[in-house]
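The values are calculated or read from the model by the stated rules, or taken from the named source; none is laboratory data. All values reported here derive from a predicted model rather than from experimental measurement. For neighbour counting, all protein chains shown are included, and Cβ atoms are generated from backbone atoms with ideal geometry for every residue, glycine included. What goes into the accessible areas is simple: the full protein's heavy atoms, side chains included, and nothing from ligands, DNA or RNA. Shrake-Rupley method; radii C 1.70, N 1.55, O 1.52, S 1.80 Å.
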Amino acid sequence: MTQKDRKRFSAIYMSALVVLAFVSVASCITADRSLGAGFVPDDRNLNVKTHSFYVPVGMKMADTLQTNTSYMVIGNISDEQFGRTNVEFAATVTPPDTLPWGKNPVFKKATLKFILLKNQTFSEGQESVPQNIHAYEMLTVMDTSNIYSNSFSRKDYSENEIMDGAVIYTGGDTLTIPLKKSYGERFMKATAEELDSTELFIRNFKGVYVKSDARLVSADGGRLSKFSDAYLYLTFNSTNDSGYTRDTTVAFPVGSYLATEIYTHSSRGLEVDGNNDLKEIYYEGLAGIKPHIDAEAIRDSLVLWFKAEGIDPAKLVVARASLELPYEFPEDYTELETYPKALFPSMRYPYAYNASQYYPLSSIYDSSQNQGDMNRSLEYYRPDITNYIQDLARLIAGEKTSSSTGFGETMNDSWDIWLFNYYTGSEDDDSESESNTGYNSAYYNYLYNSMLYGGYGGYGYGSYGYGYGGYGYGGYGGYGGYDSYYNYMNMMNYYNYYSSSSSSSSSTTVYYVDFINYAKGRINGNGAERRPSIRITYTVLD
């Protein structure tokens, strides 16, 4: 070792000794973690506990489901368990931006064209199954009072078809329906006032109703086709200002103002209340059979718990409440592809025209909440219902409940939980939520009223943080009031809605119950070994 190397080694060695000495001294310091404990008031010492109970799950049809979207769905599904499902749609026809009639216009042809977005099938070989298509003229004016899965029946559209010849659709990129001359010529008689006003135009030219023949076979199969853009193309011949004759084609938008799907299901015979010992509970998409939980059963379980533990519901603070919905892995693993991707609690909210609409609990907008996505490794859905349980406790305590959950201070079936898959407004098209006129207007009113008059919108209370037991989302802060947080979260939900509705390029997500995609699956029932249950992590204030 050279003299230079010895000096370098000596410097490194001395530096190491200095660091070691520093660490040794520092390690002798004991942290007093009790420092300041005596200054914590007794009423801030919180004892966090958990409580679980089974919840009875039944099955009910999702009647009067809102189905107003910018999409149009048609087709038929046959299933051994659920029977037959037929999907038809009614859609408005609205005037084009411009209509250059010219002089002496003469009708040549009219055609309906629907652009395919996607097909949905549940067995091999069904992608191209032939379907006989039928088109009719609407007799009933479409508006936001008839945007439900059962809004229209046979009396609402013409007895005779408006098609010019038979149409067979095999699932291709475009569904084309030639129209009779007698129907197409009517559009050439539209007045200038009607062409300048969508409302006046719809009063006279009410729209079209399209359906397909139901499958006549009993085997599983069929196809649902979802269309996005659609137009009625009118071609006519006229003379322009220069005296030349010409052919002109104009496009009348179809379904851009209103489009409503009509569903017919055969699964009503599966309905059963929560007092059952079934080992399986079924889920069917669209307006079919859904897992349903009677709110009174949950309330009664809470009351028994409060009495047994001597809990004052007015002092209960729910850190997290989860609805656990186990399922068993099917013998054919491919069946999981037909299961709903998620099950999230939804409620039927009162709406105009003596109707109700289904919406996910607004806590779905809280990123800290479990949105009920399928957990394939643990074989369950586990959506969080924290705010719902908190509001039930407030109802039991006789306190004012949040307007976004309950309806007054009395229990009614509006509190019942319906389990739906959900989809987002930006799933297929950034402008989706903008076009859901009737659906969004109700959601707007719901969020706006909740923001003004109170109601839960998210997870958390006052200025408490998240996290109790094994959930690990932080800890308590200072305790504030419920309503300030409720109103804040509803304001954020209102902002989310407004942002996504006002800009087609917005990245904000709006959540809907899934009423346009068919799914089918099973969860465990009350008679299964792994039964549906609710787990609550909570504390009780002194």
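Here are a few things to note about the model shown:
- GluC sites (Glu not before Pro) restricted to DSSP loop in region 82-143 with at most 15 other C-beta within 10 Å: E124, E127
- Between D312 and S197, the simple label model (points 7 Å from Cα in the Cβ direction) yields a spacing of 6.2 nm.
- Estimated at the nearest 10 Å², the accessible area of V510 is 0 Å² with a 1.4 Å probe.
- Counted residue by residue at 0.36 nm each, then reduced by the alpha carbon distance between them, the extension gain from F107 to S533 reaches 146.9 nm.
- Accessible surface, region 97-200, averaged per residue in Å² (probe 1.4 Å): 55
- Centroid-to-centroid, using Cα positions, region 106-174 and region 299-368 are 36 Å apart.
- Set K113/K520; K180/K211; K279/K341 screened for pairs whose C-alpha atoms are more than 27 Å apart: K113/K520
- For A319, distant residues with modelled amide H under 5 Å away: T537, Y538, T539
- A full extension of the chain between D413 and D247 corresponds to an added length of 53.8 nm, given 0.36 nm per residue minus the alpha carbon distance.
- Nearest-0.05 FRET efficiency for Y233 and N204, computed from C-beta distance (R0 22 Å): 0.70
- Per-residue SASA remark: K279, around 140 Å² accessible (1.4 Å probe; ligands, DNA and RNA not included).
- In nm, spacing of pseudo-spin labels at S377 and K155 (7 Å Cα→C-beta vector): 5.7
- Under-5 Å amide H pairs with R84, H placed in peptide plane, nonlocal only: D79, S266
- Checking every one of the GluC sites (Glu not before Pro) in region 242-284 against DSSP loop status and a limit of 15 other Cβ atoms within 10 Å picks out E271.
- The candidates M61, M188, arranged from most to least accessible area with a 1.4 Å probe in the full protein assembly, appear as M188, M61.
- Cα-Cα over 18 Å, subset of K103/K189; K60/K155; K49/K307; K103/K206: K60/K155; K103/K206
- Heavy atoms of M163: accessible area, 1.4 Å probe, square angstrom to 10: 10
- Net lengthening on full extension, D542/N276 (0.36 nm per residue, minus Cα-Cα): 91.8 nm
- Average accessible surface for region 245-326: 40 Å² per residue, computed with a 1.4 Å probe over protein heavy atoms with every protein chain in place.
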